[in-house]
1. For the stretch A:135-152, enumerate the residues that are within 14 Å of chain B (Cβ to nearest Cβ), touching a helix residue (DSSP H, G or I) at 6+ places or on another chain (Cβ under 9 Å) and closer than 23 Å to A:VAL306 by Cα.
2. When the stretch B:108-127 is examined, which residues are found to be in contact with a strand residue (DSSP E or B) (Cβ under 8 Å, 6 or more places away or on another chain) and free of Cβ contacts under 8 Å to residues at least 60 places away in the same chain?
3. Looking at the stretch A:133-142, is at least one residue modelled with pLDDT under 80, surrounded by 14 or more Cβ atoms within 10 Å (Cβ to Cβ) and not in a loop (DSSP other than H, G, I, E, B)?
4. Considering (1) over 15 Å from the mean Cα position of the chain (by Cα); (2) outside any strand (DSSP E or B); (3) buried (at least 20 other Cβ atoms within 10 Å of the Cβ), say which one B:LYS48 fails and leave the rest.
5. Condition first: under 27 Å from A:PRO189 (Cβ atoms) and either modelled with pLDDT under 75 or within 14 Å of chain B (Cβ to nearest Cβ) (or both). Now tell me which residues in the stretch A:95-113 satisfy that.
6. Every residue in the stretch B:142-173 that is of a type in the set (Val, Ile, Thr) and touching a helix residue (DSSP H, G or I) at 6+ places or on another chain (Cβ under 9 Å), please.
7. In the stretch B:93-126, which residues are within 14 Å of chain A (Cβ to nearest Cβ) and modelled with pLDDT of 90 or more?
8. Considering each residue of the stretch B:66-92, count those that are more than 14 Å from chain A (Cβ to nearest Cβ) and buried (at least 21 other Cβ atoms within 10 Å of the Cβ), and give that number.
Amino acid sequence: MAPPTSTTLISPAELSYLRSSLALNPPIRPDARSPTQFRPLVAEIDILPSTNGSARMIWGDGGECVVGVKVEVEPTELTADGKRKNWVEIGVEVQGQRDDDPLGVFLGMTVTESLLTPSSTLTERLAITSRFHWKMYIDILLITPPLSHPGTLLSLSTNLALRSTRLPRLTSEADEDPMFDDDWDASVPLYQASNQLPPITLLVLSVGDNIFFDPTKEELAVADCVLAVSLATNSAKDTPKVIGVRTLESGSGGIVTTAGAKDVGSGGAAVEATSMGGVKRTVVKKIIKESLSVGKEVFGSLQGVVDANH
Amino acid sequence: SYVEWGNTKIICNVGGPNEPKTGANRNQDRATVTVEVCFAAFSGNERKKGAKGDRRVQEMQTALQRTFAEAILTNLHPRSEILITLHILSQDGSVLATCINACTLALIDAGIPLSDYVVACTAGSHSVRSGTNFEVEGEDPLLDMNNIEESDLPGVTIATIGNSEKITLLQLETKVRLERLEGMMAVALDGCRKLKEVMDDIVRTHGNEMARRGAL
């Protein structure tokens, strides 16, 4: 299982306070947000002239991330299965950490997974002719060390970078060696406006029966279960589909011991109740369902960023 | 700080003065300055995932560290460490000079005591072959070279401190004729002086804005 990004030091009293506040009905978050409300963020695209596509986002907790996409022509190897697996290479660089740090590799995988599922059409778009394809390098630079799990930040930034990616226009005929137009204005966007959009991954956590989007690191430390839900859609106006769900390690894992003073029942004496680990199926269903509507809003906002740039 | 010099774009983060991470950096009378330079894989024309141990990067780090260890008033913060991190997002020539300028601005923003602005600039020399003459004398040096010029022509990077013409860093990695060097240096020093005024302007505007918002 993946290592947690950073251990949040919280005292037992804080943990219990936070958990009870999040488990209420309706829940109260420490910053008084609604469960589906994101913190303010900054997003801009097409900022680096030396890349095919680029984006930069500043997340609610101050984390900043720059993503650059570059492509190179590569000859296609004629192997049967999995020949398309190496067409996309993702590198994550976190400030102040070494290249082979497991955190960087893990973060890269969370982004790669959703991009390489069959329902995202990324690899098909990279084919040029039957003998050549584009090798795409997506490089993610985390400028500030990750404070809470940066999964959503990376995924949304990558999404924006892919939306802004342009490929040179092919001028050669079908099976010749590829030749391209030198005029950058004639370049072709990787994701045409009307086609399917690149996927995003949202982090959702559950405490008791409640679910929350865009968690802070304290909320992550008390969560029962944290899911990374990947969504893809055809256009910003459609409701997206869930294309993948992954669980992440969270603070308490659902095992909670409470010395309950309230809601005890008729006895009146304080009771120690321990709930077993895990999360209920109904909660998971609720997470998936809410992700669809929240995902649609997120896609809509991302579309707004892209439109503002044109 | 974020500096865009033509197409060279650099982000600089400054942290500190902090507790030194390694015991070796703990110096009893002064603060240690640590510089980390990180070239993004997408910064050049080709995608290149540079290893951290690259010699060129090491040299740049050492040069920056020595320059700023002089400029920062390190005796005011003994036994601490000032960590400067530079992310180079896009390279188009004059990278070292842009790094220095970005560092200066970031250090000012961080409130770390500097003796004065450290401003850097590049200058190059070109020659024109005409007919039987090998060179035409008196060609003016070029100020602020971009990538194409840097890879083709000899160039020097000069950093000055304050309004004086004291040079705190001079880097010449190419071969150049000796009589041209003085001309290049003069042009670069002039460029630094003008640049210092621009940077001073920006710092004051930013400072006034922060004061207006009540952040100071």
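The values are calculated or read from the model by the stated rules, or taken from the named source; none is laboratory data. On a predicted model such as this, the values are computed, not experimentally measured, just so you know. Glycine also receives a Cβ, built like all others from the backbone with ideal geometry; neighbour counts cover every protein chain displayed.
1. Within the stretch A:135-152, A:MET136, A:ILE138, A:ILE140, A:LEU142 meet the criteria.
2. At the first step, the residues of the stretch B:108-127 found to be in contact with a strand residue (DSSP E or B) (Cβ under 8 Å, 6 or more places away or on another chain) are B:108-110, B:112-126.
Hits for the stretch B:108-127 are B:PRO113, B:LEU114, B:SER115, B:ASP116, B:VAL118, B:SER125, B:HIS126.
3. First, the residues of the stretch A:133-142 that are modelled with pLDDT under 80: none.
No; the residues of the stretch A:133-142 include none that is modelled with pLDDT under 80, surrounded by 14 or more Cβ atoms within 10 Å (Cβ to Cβ) and not in a loop (DSSP other than H, G, I, E, B).
4. (3)
5. Pass one, the stretch A:95-113, residues under 27 Å from A:PRO189 (Cβ atoms): A:107-113.
Of everything in the stretch A:95-113, just one residue is under 27 Å from A:PRO189 (Cβ atoms) and either modelled with pLDDT under 75 or within 14 Å of chain B (Cβ to nearest Cβ) (or both), namely A:GLY108.
6. First, pick out the residues of the stretch B:142-173 that are of a type in the set (Val, Ile, Thr): B:148, B:156-158, B:160-161, B:167-168.
Across the stretch B:142-173, the qualifying residues are B:VAL156, B:THR157, B:ILE158, B:THR160, B:ILE161, B:ILE167, B:THR168.
7. Taking the stretch B:93-126 as the starting set, the residues that turn out to be within 14 Å of chain A (Cβ to nearest Cβ) are B:93, B:95, B:102, B:106.
Listed by number, the residues that qualify are B:VAL95, B:ALA102, B:ALA106.
8. Within the stretch B:66-92, the subset more than 14 Å from chain A (Cβ to nearest Cβ) is B:66-80, B:82.
Keeping just the survivors that are buried (at least 21 other Cβ atoms within 10 Å of the Cβ) gives B:67-68, B:71-72, B:74, B:82.
Qualifying residue count for the region: 6.
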